[in-house]
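The values are calculated or read from the model by the stated rules, or taken from the named source; none is laboratory data. Only a predicted model underlies this, so the values are computations on that prediction, with no experimental measurement involved. We place every Cβ from the backbone using ideal geometry, glycine too, and count neighbours over all the protein chains shown. Quick note on the areas: whole protein, heavy atoms, side chains included, nothing else; ligands and nucleic acids left out. Shrake-Rupley method; radii C 1.70, N 1.55, O 1.52, S 1.80 Å.
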Amino acid sequence: NAMIDIASVSKTYNTSQRGSHLALDDVNLTINEGEFVSILGPSGCGKSTLLYMVGGFVKVSAGSITVKGAPVTGPGPDRGPVFQEFALFPWKTVLENVMYGPLEQGMPKKEAAAWARQLLTMVHLAKYESFYPKELSGGMKQRVALARTLAYKPNILLMDEPFGALDAYTRTRLQNELLDIWERDRKTVMFITHSVEEAVFLSDRVYVMTPSPGHIRKVYEIDLPRP
Ligand code: ADP
Ligand code: ADP
(Lines give C-alpha, C1' and ligand atoms only; values in the text may rest on other atoms or scores of the structure.)
(Ligands and ions follow the chains in the order given, each with its own letter.)
Protein backbone atom coordinates (compact mmCIF):
# COMPACT_ATOMS: atom_id res chain seq x y z
CA ASN A 1 0.00 0.00 0.00
CA ALA A 2 1.62 3.13 -1.30
CA MET A 3 1.85 6.07 1.07
CA ILE A 4 3.67 8.34 -1.36
CA ASP A 5 3.39 7.80 -5.09
CA ILE A 6 5.50 9.88 -7.42
CA ALA A 7 4.51 9.19 -11.04
CA SER A 8 6.33 10.59 -14.08
CA VAL A 9 7.14 13.81 -12.26
CA SER A 10 9.11 16.55 -13.95
CA LYS A 11 10.05 19.96 -12.65
CA THR A 12 11.10 22.96 -14.69
CA TYR A 13 12.20 26.08 -12.86
CA ASN A 14 11.68 29.34 -14.71
CA THR A 15 13.93 32.19 -13.70
CA SER A 16 14.22 35.60 -15.30
CA GLN A 17 18.03 35.43 -15.37
CA ARG A 18 18.57 31.91 -16.66
CA GLY A 19 15.33 31.07 -18.39
CA SER A 20 13.86 27.62 -17.87
CA HIS A 21 15.83 24.86 -16.22
CA LEU A 22 14.81 21.22 -16.14
CA ALA A 23 15.55 20.07 -12.57
CA LEU A 24 13.75 16.72 -12.59
CA ASP A 25 12.86 14.62 -15.59
CA ASP A 26 10.29 11.85 -15.41
CA VAL A 27 10.86 10.64 -11.86
CA ASN A 28 9.00 7.60 -10.55
CA LEU A 29 9.13 6.49 -6.94
CA THR A 30 6.75 4.77 -4.58
CA ILE A 31 7.15 4.73 -0.81
CA ASN A 32 4.98 2.34 1.15
CA GLU A 33 3.35 2.98 4.49
CA GLY A 34 5.85 2.66 7.33
CA GLU A 35 8.87 2.52 5.06
CA PHE A 36 12.10 4.40 5.63
CA VAL A 37 13.48 5.43 2.27
CA SER A 38 16.64 7.42 1.72
CA ILE A 39 17.65 9.34 -1.37
CA LEU A 40 21.29 9.93 -2.17
CA GLY A 41 22.74 11.95 -4.98
CA PRO A 42 25.17 14.70 -5.88
CA SER A 43 24.43 18.34 -5.14
CA GLY A 44 21.98 19.90 -7.55
CA CYS A 45 20.47 16.65 -8.85
CA GLY A 46 17.04 17.66 -7.53
CA LYS A 47 16.67 15.81 -4.21
CA SER A 48 15.34 18.81 -2.31
CA THR A 49 13.05 19.73 -5.17
CA LEU A 50 11.51 16.28 -5.06
CA LEU A 51 11.06 16.39 -1.29
CA TYR A 52 9.57 19.89 -1.37
CA MET A 53 7.10 18.77 -4.03
CA VAL A 54 5.96 15.88 -1.82
CA GLY A 55 5.67 18.41 1.01
CA GLY A 56 3.53 20.65 -1.19
CA PHE A 57 5.98 23.55 -1.00
CA VAL A 58 6.92 23.35 -4.69
CA LYS A 59 4.56 22.65 -7.59
CA VAL A 60 5.16 19.82 -10.04
CA SER A 61 5.48 20.83 -13.68
CA ALA A 62 4.29 17.49 -15.06
CA GLY A 63 3.18 14.15 -13.67
CA SER A 64 1.54 13.59 -10.32
CA ILE A 65 2.30 13.08 -6.65
CA THR A 66 -0.28 11.45 -4.44
CA VAL A 67 -0.24 10.82 -0.70
CA LYS A 68 -2.57 8.02 0.39
CA GLY A 69 -4.13 8.27 -3.04
CA ALA A 70 -4.93 11.98 -2.82
CA PRO A 71 -3.10 14.46 -5.06
CA VAL A 72 -0.78 16.84 -3.24
CA THR A 73 -2.06 20.39 -3.58
CA GLY A 74 -0.09 22.09 -0.80
CA PRO A 75 1.49 21.51 2.59
CA GLY A 76 -0.50 19.50 5.12
CA PRO A 77 -0.19 18.26 8.68
CA ASP A 78 0.12 14.68 7.43
CA ARG A 79 3.60 15.53 6.07
CA GLY A 80 6.03 16.96 8.61
CA PRO A 81 9.09 18.69 7.21
CA VAL A 82 12.43 18.51 9.04
CA PHE A 83 14.93 20.60 7.14
CA GLN A 84 18.50 21.42 8.07
CA GLU A 85 17.87 25.14 8.12
CA PHE A 86 14.38 24.82 9.55
CA ALA A 87 14.41 27.79 11.93
CA LEU A 88 12.90 27.67 15.38
CA PHE A 89 11.05 30.75 16.62
CA PRO A 90 13.87 32.62 18.38
CA TRP A 91 11.50 34.54 20.67
CA LYS A 92 9.84 31.36 21.95
CA THR A 93 11.28 28.94 24.49
CA VAL A 94 11.96 25.33 23.60
CA LEU A 95 8.65 24.29 25.16
CA GLU A 96 6.72 27.04 23.36
CA ASN A 97 8.32 26.08 20.05
CA VAL A 98 7.14 22.49 20.42
CA MET A 99 3.69 23.52 21.70
CA TYR A 100 3.12 25.82 18.73
CA GLY A 101 1.73 23.19 16.33
CA PRO A 102 -0.68 21.50 18.75
CA LEU A 103 -2.00 24.91 19.85
CA GLU A 104 -2.51 25.87 16.19
CA GLN A 105 -4.44 22.63 15.76
CA GLY A 106 -6.70 23.65 18.63
CA MET A 107 -5.32 21.47 21.42
CA PRO A 108 -5.97 22.97 24.88
CA LYS A 109 -2.93 24.62 26.42
CA LYS A 110 -2.45 22.15 29.29
CA GLU A 111 -2.67 19.18 26.99
CA ALA A 112 -0.31 20.80 24.47
CA ALA A 113 2.24 21.46 27.21
CA ALA A 114 2.04 17.86 28.41
CA TRP A 115 2.41 16.54 24.86
CA ALA A 116 5.34 18.88 24.17
CA ARG A 117 7.06 17.76 27.38
CA GLN A 118 6.61 14.14 26.38
CA LEU A 119 8.30 14.84 23.04
CA LEU A 120 11.11 16.80 24.68
CA THR A 121 11.73 13.89 27.02
CA MET A 122 11.91 11.62 24.00
CA VAL A 123 14.63 13.75 22.40
CA HIS A 124 16.37 14.11 25.77
CA LEU A 125 15.75 17.81 26.17
CA ALA A 126 13.27 17.83 29.05
CA LYS A 127 15.65 19.90 31.15
CA TYR A 128 15.88 22.60 28.50
CA GLU A 129 12.21 23.48 28.08
CA SER A 130 12.67 27.04 29.34
CA PHE A 131 15.78 27.71 27.19
CA TYR A 132 15.70 29.88 24.08
CA PRO A 133 17.04 28.50 20.78
CA LYS A 134 20.15 30.71 20.87
CA GLU A 135 21.18 29.06 24.14
CA LEU A 136 21.31 25.61 22.53
CA SER A 137 23.93 23.76 20.53
CA GLY A 138 23.26 22.82 16.90
CA GLY A 139 22.38 19.28 17.84
CA MET A 140 19.98 20.41 20.50
CA LYS A 141 18.27 22.82 18.10
CA GLN A 142 17.88 20.04 15.57
CA ARG A 143 16.27 17.86 18.24
CA VAL A 144 13.87 20.65 19.14
CA ALA A 145 13.02 21.01 15.45
CA LEU A 146 12.32 17.27 15.27
CA ALA A 147 10.13 17.44 18.38
CA ARG A 148 8.28 20.44 16.97
CA THR A 149 7.51 18.57 13.77
CA LEU A 150 6.48 15.40 15.63
CA ALA A 151 4.12 17.51 17.73
CA TYR A 152 1.81 17.80 14.70
CA LYS A 153 1.61 13.99 14.62
CA PRO A 154 2.46 13.71 10.93
CA ASN A 155 2.25 10.25 9.38
CA ILE A 156 5.10 11.14 7.09
CA LEU A 157 8.44 12.71 7.92
CA LEU A 158 10.15 14.58 5.10
CA MET A 159 13.75 15.09 6.08
CA ASP A 160 16.24 17.09 4.03
CA GLU A 161 19.75 16.42 5.33
CA PRO A 162 18.55 17.02 8.86
CA PHE A 163 21.81 15.90 10.44
CA GLY A 164 24.20 17.14 7.76
CA ALA A 165 25.69 19.98 9.78
CA LEU A 166 26.27 18.00 12.96
CA ASP A 167 29.36 16.36 14.38
CA ALA A 168 29.59 12.58 14.10
CA TYR A 169 28.76 11.94 17.74
CA THR A 170 25.62 14.08 17.78
CA ARG A 171 24.54 12.72 14.41
CA THR A 172 24.75 9.12 15.67
CA ARG A 173 22.67 9.97 18.71
CA LEU A 174 20.02 11.68 16.60
CA GLN A 175 19.94 8.84 14.08
CA ASN A 176 19.20 6.44 16.90
CA GLU A 177 16.51 8.68 18.34
CA LEU A 178 14.92 8.95 14.90
CA LEU A 179 14.96 5.16 14.48
CA ASP A 180 13.33 4.75 17.90
CA ILE A 181 10.55 7.12 16.88
CA TRP A 182 10.16 5.51 13.48
CA GLU A 183 9.99 2.01 14.97
CA ARG A 184 7.54 2.92 17.69
CA ASP A 185 5.14 5.05 15.65
CA ARG A 186 5.65 3.40 12.25
CA LYS A 187 6.13 6.67 10.45
CA THR A 188 6.79 6.77 6.75
CA VAL A 189 10.10 8.55 6.23
CA MET A 190 11.56 10.14 3.10
CA PHE A 191 15.13 11.05 3.99
CA ILE A 192 17.66 12.97 1.97
CA THR A 193 21.33 12.65 2.77
CA HIS A 194 24.79 12.98 1.27
CA SER A 195 26.05 10.13 3.40
CA VAL A 196 25.97 6.59 2.04
CA GLU A 197 26.72 5.34 5.53
CA GLU A 198 23.77 7.23 7.01
CA ALA A 199 21.43 6.01 4.27
CA VAL A 200 22.46 2.38 4.71
CA PHE A 201 22.21 2.59 8.49
CA LEU A 202 18.73 4.10 8.53
CA SER A 203 16.84 2.80 5.54
CA ASP A 204 14.72 -0.01 4.22
CA ARG A 205 15.54 1.14 0.74
CA VAL A 206 18.06 3.52 -0.74
CA TYR A 207 17.71 5.35 -4.02
CA VAL A 208 20.38 7.24 -5.84
CA MET A 209 19.54 10.16 -8.07
CA THR A 210 21.76 10.59 -11.08
CA PRO A 211 22.96 14.10 -11.84
CA SER A 212 20.72 16.60 -13.48
CA PRO A 213 18.07 16.22 -14.68
CA GLY A 214 17.64 13.81 -11.81
CA HIS A 215 16.57 10.37 -12.78
CA ILE A 216 16.18 7.96 -9.90
CA ARG A 217 17.99 4.70 -9.86
CA LYS A 218 17.14 2.17 -7.16
CA VAL A 219 20.37 0.96 -5.71
CA TYR A 220 19.74 -0.98 -2.55
CA GLU A 221 16.92 -2.95 -1.13
CA ILE A 222 18.08 -3.30 2.44
CA ASP A 223 16.43 -5.83 4.62
CA LEU A 224 17.57 -4.92 8.09
CA PRO A 225 16.47 -6.83 11.15
CA ARG A 226 14.04 -4.51 12.86
CA PRO A 227 12.71 -5.17 16.33
P1 ADP B 1 19.70 18.95 -4.52
O2 ADP B 1 18.77 19.01 -3.36
O3 ADP B 1 19.89 17.58 -5.06
O4 ADP B 1 21.01 19.63 -4.25
P5 ADP B 1 17.90 20.89 -5.70
O6 ADP B 1 16.59 20.27 -5.74
O7 ADP B 1 18.18 21.87 -4.62
O8 ADP B 1 19.02 19.76 -5.72
O9 ADP B 1 18.17 21.63 -7.08
C10 ADP B 1 17.99 20.96 -8.33
C11 ADP B 1 18.24 21.93 -9.44
O12 ADP B 1 17.19 22.90 -9.48
C13 ADP B 1 19.53 22.72 -9.33
O14 ADP B 1 20.07 22.87 -10.61
C15 ADP B 1 19.09 24.05 -8.76
O16 ADP B 1 19.93 25.09 -9.20
C17 ADP B 1 17.68 24.20 -9.32
N18 ADP B 1 16.80 24.93 -8.42
C19 ADP B 1 16.44 24.54 -7.16
N20 ADP B 1 15.60 25.42 -6.61
C21 ADP B 1 15.40 26.40 -7.53
C22 ADP B 1 14.62 27.59 -7.58
N23 ADP B 1 13.85 27.97 -6.55
N24 ADP B 1 14.68 28.34 -8.70
C25 ADP B 1 15.43 27.96 -9.74
N26 ADP B 1 16.17 26.85 -9.77
C27 ADP B 1 16.17 26.07 -8.69
P1 ADP C 1 24.46 18.05 21.42
O2 ADP C 1 25.18 16.73 21.52
O3 ADP C 1 23.01 17.92 21.67
O4 ADP C 1 24.81 18.87 20.21
P5 ADP C 1 26.50 19.36 22.87
O6 ADP C 1 27.43 18.21 22.63
O7 ADP C 1 26.77 20.63 22.18
O8 ADP C 1 24.99 18.91 22.63
O9 ADP C 1 26.42 19.65 24.41
C10 ADP C 1 26.60 18.59 25.32
C11 ADP C 1 25.79 18.91 26.55
O12 ADP C 1 26.17 20.19 27.06
C13 ADP C 1 24.33 19.04 26.23
O14 ADP C 1 23.63 17.81 26.26
C15 ADP C 1 23.89 19.92 27.36
O16 ADP C 1 23.67 19.16 28.54
C17 ADP C 1 25.05 20.85 27.58
N18 ADP C 1 24.88 22.15 26.89
C19 ADP C 1 25.17 22.48 25.61
N20 ADP C 1 24.91 23.74 25.34
C21 ADP C 1 24.44 24.28 26.49
C22 ADP C 1 23.99 25.59 26.88
N23 ADP C 1 23.95 26.63 26.04
N24 ADP C 1 23.56 25.74 28.14
C25 ADP C 1 23.58 24.73 29.00
N26 ADP C 1 23.99 23.49 28.72
C27 ADP C 1 24.43 23.27 27.47
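Here is how the numbers come out for the structure above:
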| item | result |
| --- | --- |
| Under Karplus coefficients 6.51, -1.76 and 1.60, residue-wise ³J(HN,Hα) of segment 89-94 in Hz, glycine/proline x | 6, x, 8, 10, 6, 3 |
| Viscosity 1.306 mPa s, temperature 10 °C, Stokes-Einstein D of the chain from Kirkwood C-alpha radius, µm²/s | 87 µm²/s |
| Where only C-alpha atoms are counted, convex hull volume of segment 146-220 per residue in Å³ | 107 Å³ |
| Per-residue [θ]222 nm for the chain (sum of -39500 (n - 2.57) over DSSP H runs n ≥ 4, rounded to 500) | -10000 deg cm²/dmol |
| Portion, in percent, of the accessible area of the chain that falls on carbon or sulfur, probe 1.4 Å | 53 percent |
| Cross-link reach list, lysines versus Lys153, counting only Cα pairs under 25 Å and skipping chain neighbours closer than eight places | Lys47, Lys59, Lys68, Lys92, Lys109, Lys110, Lys127, Lys141, Lys187 |
| Residue-normalised accessible area of the chain, expressed per residue, 1.4 Å probe, Å² | 49 Å² |
| Shape category assigned to segment 1-113 from the gyration tensor of Cα positions, a/c cut at 1.5 | prolate |
| Integer Hz, Karplus 6.51/-1.76/1.60 couplings in order for segment 143-149, x for Gly and Pro | 5, 5, 4, 5, 4, 5, 5 |
| Relative contact order, percent, the chain [alpha-carbon distance under 8 Å, six or more residues apart] | 29 percent |
| Whole-Hz ³J(HN,Hα) from phi, Karplus 6.51 cos²θ - 1.76 cosθ + 1.60, for segment 207-214, glycine and proline x | 10, 10, 9, 7, x, 2, x, x |
| Value of D in µm² per second that Stokes-Einstein yields for segment 115-178, Kirkwood Rh from Cα pairs, at 4 °C (1.567 mPa s) | 107 µm²/s |
| Given the chain, longest segment not containing exposed loop GluC sites (Glu not before Pro) (DSSP; at most 16 other Cβ within 10 Å) | 86-227 |
| Gaussian network model of the chain, springs between alpha carbon atoms under 10 Å - residue of Pro42, Pro211, Pro108 with greatest fluctuation | Pro108 |
